[in-house]
1. How large is the helix-only mean residue ellipticity at 222 nm for chain A, computed as the sum of -39500 (n - 2.57) over DSSP H runs with n ≥ 4, divided by its residue count, in deg cm²/dmol to the nearest 500?
2. Output needed: percent of Cα pairs per 10 Å distance bin for the stretch B:51-157, bins running from 0 to the one holding the longest distance.
3. Give or take rounding to whole Å, what are the principal axis extents of the alpha carbon atoms in chain B, in descending order?
4. Can you give the FRET efficiency for A:L151 and B:V199, using 1/(1 + (r/R0)^6), R0 = 51 Å, r = Cβ-Cβ distance, to the nearest 0.05?
5. Could you work out the mean projected area of the convex hull around the alpha carbons of the stretch C:41-116, in square nanometres to one decimal?
6. What nm distance separates the two modelled labels at A:D187 and C:E115, each placed 7 Å from Cα along Cα→Cβ?
7. Given q = 0.07, 0.10 Å⁻¹, what are the Debye log10 I(q)/I(0) values for the protein assembly as shown, with equal point scatterers placed on the Cα positions and solvent ignored?
8. Hey, got a sec? Which trypsin sites (Lys or Arg not before Pro) in the stretch A:73-130 land in a DSSP loop and have at most 15 other Cβ atoms within 10 Å?
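Laboratory data are not the source of any read-out in this text; all were calculated from the coordinates shown. On a predicted model such as this, the values are computed, not experimentally measured, just so you know. Because the Cβ atoms are built from the backbone with ideal geometry, glycine has one as well, and the counts that use them run over all protein chains shown.
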Amino acid sequence: MRGAVAEIPAEHRIVGQAHVEVISVRLAFGDRRVFDGLSCRLANGKISVILGASGVGKSTLLRMASGLLKPDYGDIWIGDQEITRMPERKLRNLRRGLGMMFQGGALLDSLTVFDNVALALREHTKLSERDIEAKVHAQFEAVGLKKVDALLPGEISGGMKKRVALARAMIMEPSVLLIDEPFSGLDPLAVRLIEHLLVEVNRTKGLTMILTNHHIGSTMRMADEIVFLVDGVAVTGSVKDIKESIDPRIQRFLQAAGTGPSLEEAS
Amino acid sequence: MLEYVRYVGWRTMCNLNELGGIAHFGARMAYETFRPPWRLRRLVDEIYTTGVLSLAIVLLSGAVVGAVLGLQGYITLERFGAENSLGGVVGLSLVREFGPVLTALLVAGRAGSAVAAEIGAMVATEQLDGLRMMSIDPVDFVTQPKALALTISMPLLSALFVVFGIAGGYVVGVGLLGIDGGTYITGVEANITFSDEVVGSVLKSLVFGMVVALISTWRGYTSAPNAAGVSRATTGAVVQASVVTLMFDYVITALWGG
Amino acid sequence: MGRSPIRDLLVGVFVLSGLAALAYLSIQLGGSTYSGPGGLRLYAAFDEVGGLAPRSPVVIGGVKVGQVKSIELSPTGDFRARVLIDIDKELKLPDDTAASILTQGVLGSQYIGLEPGGSETLLADNGEIAYTQSAVVIERLIGRVIQSLGNSNGGGEKPSSDSSGGGG
């Protein structure tokens, strides 16, 4: 983990103004309009949480920011590069500076946990097997995993899968980390653990972290900025801004979440 | 009426689009096949799941088909007093048609469906997107070794099918029906020539291997990311691979001058 | 995926046995050369070879001893077919050996049967088998039978007369 920056070619790192900017994005799946002129800026080195009711397009926005999904219209900038019209080959280069943690982990279930995390190092660096092992184990330690090397993804719990996924997303030392629903399907204790882990990673590495989340409690605790998605557009602000927002749609959402059991569950 | 014509036009464009997609996909896999890294490790694992695990069903079917051919051939030939030609009939049918075609159908059902289902499940669980986010091309890393393994396994399985079929015919013809063993083997040897039958047979099974490989990986790769999509991809892969195999069989037989 | 020695072994066995099966089909069954010893090349001329083809077997007493190498028109210009056969060179065939083109069953494939005579002198390599019997062509035979039946009763030739080959 430490001293790894040197091995990654400079052009693969999104240096300096590492932030993501979404400009006037429109997207429809068939007749269903998801985004209608969505714009938002996700700040460099901060934790931005995309919040909103389910089905509003939180994960879709994250997938667009990773280049996995192209909007029908609009621009998405990562650093100083526009990615919606980028060919796959260039996108592949750009993604070396991006880490993504998928909701279900998206670990390759034919590979062991160790091989999953080591994969990117084996594919993209010329590190020796011993160096790779050292790096992977350092990463495991950072996310609090022990003695999982030889296990297959099907043999570990959901919480452990999330940690392995986080380790895998972090192994190439990205400057932007995209995280899809890190707390879904976890018990309250595991939510706390993952939450602390993410905050610590953000503070120690200073990387830009964008996550989708429907847990109000954890969102309020960890977010530097909140992107609230509603009716195909985004309302951006600090935790305080959102809490004190007079927008009725946001108030309704917060009230529903605050009175419901989800606050308890999340804290 | 105009609506119907427009519908036909739209369907045609869709089909052409799909065909172009498959061609491009196949070309990418072919390109990755000859470009390092070669991923021998993954290839060996895939040959295990496509080839070795298909072995039992292919060998069993080969022996049974050979036995049936022996029995049917004997009954037919006996009417003309030509039962000594049984070896030729069994050998030729197996090498020219039954070996490559039935092996391809069996492998499509056994391994092609598994390949489509596995890739489809990887799409549904975002594993392919996970690879993309690690800057790894899923076509290179996931589908190409599977397709190559299928293409390599097919001629080997087909040859084993033929050998077991000839043995099955031997058991029935010689063991049960009392034809002379030497006559049977001589009949097989005299009728099969390297340049016509064996080359044609290997060519067929290679082409069928590519057909099954391309269709099953493509259906898995383009499967909708949910359970229904995976099941559609799996069924579609088997059905399409089987039908296209049979069509190619006719074309190759006609061109090769069987 | 973890390295699994058993899996690797199975893949190796599969690939090797598949290649062995291919080799068996190519060399043993489809082989361009007779799998037996061969080495003694003999010529035999026939009026009619029927369905005889290169690689048709040559047998003595039902045992395969060689195969037909080639069939072409005789260079002497008498429009007979000249068949080159390749048989086991260990065989000591007398020079009055007879060669006949026979059929397995009625419609089966054709082969050459050799019947060794009693002469003291042996056939040498590239020698000529003098006594030959041509193939019976079923269609012609049937034609004759029908024809003779059509002529109310066969006062004419016997159906099998064509099959008696010419010596030479």
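1. -11000 deg cm²/dmol
2. 14, 32, 23, 16, 9, 5, 2
3. The principal-axis extents, from largest down, are 66, 55, 33 Å.
4. On the way: r = 48 Å, r/R0 = 0.95.
After rounding to 0.05, the efficiency reads 0.60.
5. Details: hull surface 20.1 nm².
So the mean shadow area of the Cα hull is 5.0 nm².
6. 9.5
7. With no solvent term, the Cα-only Debye profile gives -0.65, -0.98.
8. On the way: sites: A:R85, A:R89, A:K90, A:R92, A:R95, A:R96, A:R122, A:K126, A:R130; in loops: A:R85, A:K126.
For trypsin sites (Lys or Arg not before Pro) across the stretch A:73-130 that sit outside H, G, I, E and B with at most 15 neighbouring Cβ atoms in 10 Å, the list reads A:R85, A:K126.
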